Amino acid sequence: MTERDDRLLRGLYDLRNLFGDKWVPAIVVALRAGPLRRIEILSTVNSYFIDENWTDKQPVLHDSILARTLKKMRMQGLVFRERSTKSFPPEVEYALNPAVADALEAAEPLIAWTRAHPDLLAQAQEYSRKHGPHGGSSGDEGDDDFPPRPA
């Protein structure tokens, strides 16, 4: 493995560790327009329609899971928790770290790449529906179920 390969691999794992949690991408997108209170994040995320091709169930974010996820995101430095004492009781809002907003901008070319390869996404979605998000078995059995590598 070359030094460039090492950097690429580490970078991909770093991104997965930052954004790989089930709810982090939706929360990040919800906060993209500016700070929100927790209840606003909850209603925004639950209003999103995630492509049904990735799952057989429509996921629902519950407040307890949101609270845990926001705490984890704060500890990781992805979001800031801001307490306003201008009202009683004090309001708490969450805002994106500007570096995370930069990451969203940088993700646009990758998102365009996914739109340019719908066949690859469809194959991955089909596999996830059949085997779950973590892929099921670890062996090569059943490889005949999927198309061969393009020539």
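The values are calculated or read from the model by the stated rules, or taken from the named source; none is laboratory data. On a predicted model such as this, the values are computed, not experimentally measured, just so you know. Here the Cβ is made from the backbone with ideal geometry for all residues, glycine too, and neighbour counts use every protein chain on show. Surface areas here come from the heavy atoms of the whole protein model, side chains and all, with no ligands, DNA or RNA. Shrake-Rupley method; radii C 1.70, N 1.55, O 1.52, S 1.80 Å.
Miscellaneous remarks
- Scanning the stretch 1-49 for residues that are touching a strand residue (DSSP E or B) at 6+ places or on another chain (Cβ under 9 Å) and among the basic types (Lys, Arg) gives 32, 37, 38.
- Subset of the stretch 65-98 (residues that are over 15 Å from residue 37 (Cβ atoms), among the charged types (D, E, K, R) and crowded, with 17+ Cβ neighbours inside 10 Å): none
- Of all residues in the stretch 1-40, those satisfying the criterion of being over 28 Å from residue 90 (Cβ atoms) and among the charged types (D, E, K, R) are 3, 4, 5, 6, 7, 10, 14, 16, 22.
- Matching residues, the stretch 86-104, being touching a strand residue (DSSP E or B) at 6+ places or on another chain (Cβ under 6 Å) and either over 24 Å from residue 76 (Cα atoms) or not in a strand (DSSP E or B) (or both): 90
- Condition met for residue 117 (modelled with pLDDT of 85 or more and open to solvent by 50 Å² or more (accessible area, probe 1.4 Å)): yes
- Close pairs from the stretch 107-120: first free of Cβ contacts under 8 Å to residues at least 24 places away in the same chain, partner of a type outside the set (Phe, Trp, Tyr) and surrounded by 10 or more Cβ atoms within 10 Å (Cβ to Cβ), Cβ under 8 Å, at least 6 apart: 114/121
- Scanning the stretch 13-27 for residues that are open to solvent by 100 Å² or more (accessible area, probe 1.4 Å) and either β-branched (Val, Ile, Thr) or free of Cβ contacts under 8 Å to residues at least 24 places away in the same chain (or both) gives 13, 16.
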